[in-house]
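Some notes on the structure that comes next.
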Amino acid sequence: LELYPYIEIKNGATAEQVASLAEVVANSELTTVTWIARNIDFLSQLAEIRPNDRLGLIVNIVSSKSIKALAEIDKGRNLCFIDVWYSLLTIPQINSCKKSNMPLEVWTLDDKDKIANIDPYITGVTSNFVNSEKLFETL
């Protein structure tokens with residue numbers, strides 16, 4: 001069993017704290033880590049010091065500005081993606097990600113039926129269900 005954490009860097013963190021946390025991860029046995037943050041500067045910092053980790057920009061609404069900002073730090077090493085609030089997600093926002101070839105994940109979605117019928121372009125779903133087997137047992 002391999003642990004695959006999503007580590008969220010909260011607003012109010014400092015660049016020094018981000019570097020310290022990245023060092024803790026580097027000294028651990030974790031091989032695959034996803035970092036998510038609302039602050040593009042933190043993701044840019046992580047792109048430099050953790051070039052093989054996944055990086056997600058948390059947004060309430062997908063915009064061309066957020067796609068462009070994330071694309072600018074993507075140097076082809078990290079897998080970068082937009083992590084958007086599902087409740088505000090629209091088809092035009094999904095199409096913007098598709099057009100820009102920007103991977104898309106959503107948060108927070110706990111409805112089994114909505115997950116079963118989610119747009120196939122969306123590659124990840126954050127849920128409050130700790131046991132994902134329960135969430136998908138009827139799908």
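The values are calculated or read from the model by the stated rules, or taken from the named source; none is laboratory data. Please read all numbers here as calculations on a predicted model, not as lab measurements. Neighbour counts run over all protein chains shown; Cβ positions are idealised from the backbone, glycine included. Accessible surface is based on the protein model in full, side chains and every heavy atom, while ligands, DNA and RNA are left aside. Shrake-Rupley method; radii C 1.70, N 1.55, O 1.52, S 1.80 Å.
Here the stretch 34-52 is the region considered, the condition is being among the β-branched types (Val, Ile, Thr) and at pLDDT 95 or above, and the residue that is surrounded by the fewest Cβ atoms within 10 Å (Cβ to Cβ) is ILE40. So is LYS98 assigned to a helix (DSSP H, G or I) and among the charged types (D, E, K, R) or not? So LYS98 passes the test.
Does any residue of the stretch 20-35 turn out to be touching a residue at least 24 places away in the same chain (Cβ under 8 Å) and acidic (Asp, Glu)? Scanning the stretch 20-35 turns up no residue that is touching a residue at least 24 places away in the same chain (Cβ under 8 Å) and acidic (Asp, Glu). Within the stretch 79-88, restricting attention to residues that are crowded, with 21+ Cβ neighbours inside 10 Å and not charged (D, E, K, R), the residue that is nearest to ARG50 (Cα to Cα) is CYS80.
Residues in the stretch 14-39 that are in a strand (DSSP E or B) and either more than 30 Å from ILE61 (Cα to Cα) or not hydrophobic (A, V, I, L, M, F, W, C) (or both): 1 in all.
Checked against the criterion of being over 17 Å from ILE7 (Cα atoms), modelled with pLDDT of 95 or more and open to solvent by less than 50 Å² (accessible area, probe 1.4 Å), the stretch 120-130 has at least one qualifying residue.
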